[in-house]
Amino acid sequence: MAADIPLISVRVGKSLRQILVTGLDLKRHLLFNNDIKTYTGKKTVKFNCETFTTLNKQKNKPILLATLESPTGLLSYGNEKFQGMFKVITSPKGDSCDIVNEVPMEAYISTLLTKEMNPKWPIEALKAQAVAARTYALHKMKTQQVTKELGNEAYYDLESSEKHQVGGNFFDATDTTNKASLETKGEVLTTQTGKIQPIFFHAKCGGKTLRPDQVWHNREEGYQSVNCPFCHDIGPKGWTNFISRERLKSFFLWASEQGYLKERLTGDFSSIVLVPDEIDKFTANFYINDRPYIVEKAVLRKYFGRVLFPSNSFAIKAQGNSIAISGEGLGHGVGLCQMGAFAMAMRGWSYKKILAHYFPGHVLKKMY
């Protein structure tokens with residue numbers, strides 16, 4: 001990789017019928033007809049995206065319509081100011097537009113720290129988060145697989161959302177987040193063989209982190225499940241929610257249709273018996289009509305959602321006519337535990353030591 005800081009393209013708005021971008025001395029370049037125009041002073045450029053649908057002759061493929069930039073380095077969109085350049089792209093179906101912010105990686109990481117962590121947290125925790133987020137972003141850039149559908153035909157590297165990572169705007173950066181980004185500039189986690197893999201993070205593991213294959217079925221080199229005694233006293237100690245037996249029955253019918261069960265359920269069933277469960281197990285055992293079934297807990301969370309299942313660390317048991325779910329943690333539980341990193345940093349741990357704890361199968365490497 002070049003010594004210069006790379007530029008990353010982040011989708012900040014999608015499926016828009018209209019886009020308004022404001023800036024000083026804006027330069028607007030329409031790519032489809034090579035029309036370049038520079039405006040003097042403050043100007044708002046408007047895109048009615050539906051007027052560009054005729055350009056999209058190849059359906060399901062986005063088209064780069066325009067770029068916008070300002071010599072001041074700041075552009076306004078949706079009441080927020082962004083550093084760098086904007087790209088306006090047709091959505092795959094051609095009936096709306098996406099807006100993408102192209103920005104230097106370290107500026108992106110600095111704003112992200114405010115959104116994905118707390119900018120007032122100890123700087124060593126912020127540095128650990130910076131390395132994790134930078135690694136994820138660089139992996140997305142290198143693989144050019146932002147979505148399974150678009151592959152490398154997308155004009156952005158990742159999107160600003162919980163699907164990937166939540167970035168911020170220019171004013172989300174602080175002196176502390178800038179320092180955390182710059183003091184880890186170019187540093188990523190790689191596998192022992194030098195590969196850049198996606199590095200995941202979550203709010204609170206509840207005592208033990210999970211591997212990607214335990215949650216999403218995708219095996220990632222270098223990941224290990226590690227104990228985390230650090231996050232227990234940070235935030236809520238635990239949670240308990242309830243679901244009805246009828247909803248559990250609906251879940252099993254759905255899981256059967258989706259292929260999550262080794263044996264397909266056919267016809268009606270009336271008897272569901274829960275096998276005694278423990279919070280540190282990532283599968284749950286049931287008997288349905290006296291036949292054993294094993295279900296991954298991540299599948300239960302996928303079906304019922306994050307409100308009823310805030311994490312993948314839980315135990316389930318029958319309680320009267322309901323099913324009680326009692327768990328710990330917040331989030332998917334894979335990779336860096338953010339509250340654990342906070343507790344470690346408060347104890348004086350360096351970001352390198354924090355990362356070594358959560359990623360013992362990875363090594364820290366400076367890429368630029």
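Throughout, read-outs are computed from the coordinates displayed, never taken from laboratory work. Everything quoted here is computed from the prediction, not taken from an experiment. As a convention, Cβ positions derive from the backbone with ideal geometry for all residues, glycine included, and neighbour counts pool all protein chains shown.
For the residues Thr176, Thr114, what sequence is obtained by ranking on other C-beta atoms within 10 Å, fewest first?
Thr176, Thr114
So, R0 is 45 Å and r is the distance between the beta-carbons of Arg247 and Asp4; what FRET efficiency does that work out to, to 0.05?
Numbers: r = 54 Å, r/R0 = 1.19.
It comes out at approximately 0.25.
Just checking my list (1) 16.9; (2) 21.3; (3) 19.4 against mean projected area of the Cα convex hull in nm² computed from this structure; which label fits?
Label of the calculated value: (2).
With a Förster radius of 35 Å, plug the Cβ-Cβ distance of Ser15 and Ser256 into 1/(1 + (r/R0)^6) and report the FRET value to the nearest 0.05.
The computed FRET efficiency comes out at 0.60.
Give me the number: length gained by fully extending Asp290 to Glu221, i.e. 0.36 nm times residue separation minus the C-alpha to C-alpha distance, one decimal in nm.
Working: separation 69, 0.36 × 69 = 24.84 nm, distance 3.84 nm.
Fully extending the segment from Asp290 to Glu221 adds 21.0 nm.
So what are the ³J(HN,Hα) numbers for the range 221-227, from phi and the Karplus equation (6.51, -1.76, 1.60; θ = phi - 60°), rounded to whole Hz, Gly and Pro as x?
Karplus values, whole Hz, x for Gly and Pro: 4, x, 6, 9, 7, 10, 6.
Which of Leu182, Ile89, Leu253 sits closest to the plus end of the dipole of the chain, meaning its Cα is farthest towards the positive end, when Lys and Arg get +1 and Asp and Glu get -1 on the C-beta?
Ile89
Residues in the range 285-310, backbone N under 16 Å from the label point at Thr240 (7 Å along the Cα-to-beta-carbon vector): list them, ranges by number please.
309-310
Taking K and R as +1 and D and E as -1, what net charge do the other residues with C-beta under 14 Å from the C-beta of Thr22 add up to?
It works out to a net charge of +3.
Counting only other residues whose beta carbon sits under 15 Å from that of His232, what net charge do I get with K and R as +1, D and E as -1?
Its environment carries a net charge of +1.
Only four residue types carry charge here, +1 at the Cβ of Lys and Arg and -1 at the Cβ of Asp and Glu. Report the dipole size of the chain about the Cα centre in Debye, rounded to the nearest 20.
220 debye
What ratio of Cα Rg to 2.2 N^0.38 Å holds for the range 239-327?
With N residues counted in the range 239-327, Rg over 2.2 N^0.38 Å equals 0.99.
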